[in-house]
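A short reminder: the numbers here are calculations on the coordinates, not readings from a lab. Everything numeric here is computed off the predicted structure, so don't read it as measured data. All Cβ positions, even for glycine, are placed from backbone atoms using ideal geometry, and neighbour counts span all protein chains on display.
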Amino acid sequence: MTIQQTLTRCPAAERGKADFGWLKSAHSFSFGEYYDPKHMGFGNLRAINDDLVAGGKGFGQHPHQNAEIFSYVMGGALEHKDSMGNGSIVGAGGVQYMSAGSGVTHSEFNPSQTDEMRFLQVWLMPEEQNTKPAYDTIDLSDADKSGTLKLFLSRDGRDGSMTTQADASVYAATLGGDQSITTDLGAGRKGWVQVADGSLQVNGVALSKGDGLAIEGGGTLTFDAGQDAEFLFFDLAD
């Protein structure tokens, strides 16, 4: 770790909250009715919403433009339909990704009438405006993520990841027992860790479910002390 590197914990309890009955959501950054000028995003990361959706409920058709949006499904399943003609159901461990580009409408629903579903919805800002909209999905197995950073979204689509218009590389991982992960954040980049479940440490900083960690300054990052931990790691444009 370089002396210039700073790590700032963003506690789960300080996230913005929304409760619409059928939807319970926690916002890491300003979103919807939650506004905090100190939390408008981080680098080109604009939104992380931790959503719990009741059975048979969801988001009706609505438009997006010039945003890179992915949904990381934690439990249950998420059904997607859009104006590009795509339709899919993504279960736990899966990720659906949409590049809104010049404009697209879509809907997202919980296809189960009885079971709740949980997902993290993330917005990234694209490098270019008004590109051609696109949609993709990927399934991540338990083995893909166990004790390792599994790349699933990147600018160049490397290592079998989905391709995004944002200058970002996004990884998923699980961590437990004596597992440890070490990676390097490049100079001039920002990093963000979002804990989806469990707890872990990053360079000695203790994090629990719902916590975020803002990383400024390049250098080595070590993820360890995991207890049933599942998290996302973002390597972001400054």
- Message: For Lys132, project a label point 7 Å along Cα to C-beta. Then give me every residue of segment 69-89 with its amide nitrogen under 19 Å of that point.
- Response: 69, 82-87
- lysines within cross-link reach of Lys209: Cα-Cα under 22 Å, excluding same-chain residues under 8 positions apart? Lys17, Lys24, Lys38, Lys145, Lys150, Lys190
- Query: Asp115 versus Ala237, label points 7 Å from Cα toward the beta carbon: distance in nm?
  - Reply: 3.9 nm
- Cβ under 9 Å from Gly212's Cβ, Gly212 left aside: what net charge do those residues give with Lys, Arg +1 and Asp, Glu -1? +1
- Query: For segment 64-198, rounded, prolate or oblate, judged on the Cα gyration tensor with a ≥ b ≥ c (square roots of eigenvalues), a/c < 1.5 rounded, else prolate if a/b > b/c?
  - Reply: oblate
- Task: Could you go through segment 178-192 in sequence order and give the Karplus-derived ³J(HN,Hα) for each residue, using 6.51 cos²θ - 1.76 cosθ + 1.60 with θ = phi - 60°, rounded to whole Hz, and x for Gly and Pro?
- Result: 9, 5, 8, 10, 10, 9, 10, 9, x, 4, x, 10, 10, x, 9
- Is it possible to state the helix-based mean residue ellipticity at 222 nm for the chain, with each DSSP H run of 4+ residues giving -39500 (n - 2.57), the sum divided by total residues, to the nearest 500 deg cm²/dmol? What is it? 0 deg cm²/dmol
- Query: What shape does segment 6-237 have by the C-alpha gyration tensor, where a ≥ b ≥ c are the square roots of the eigenvalues, rounded means a/c under 1.5, and otherwise prolate means a/b greater than b/c and oblate the rest?
  - Reply: rounded
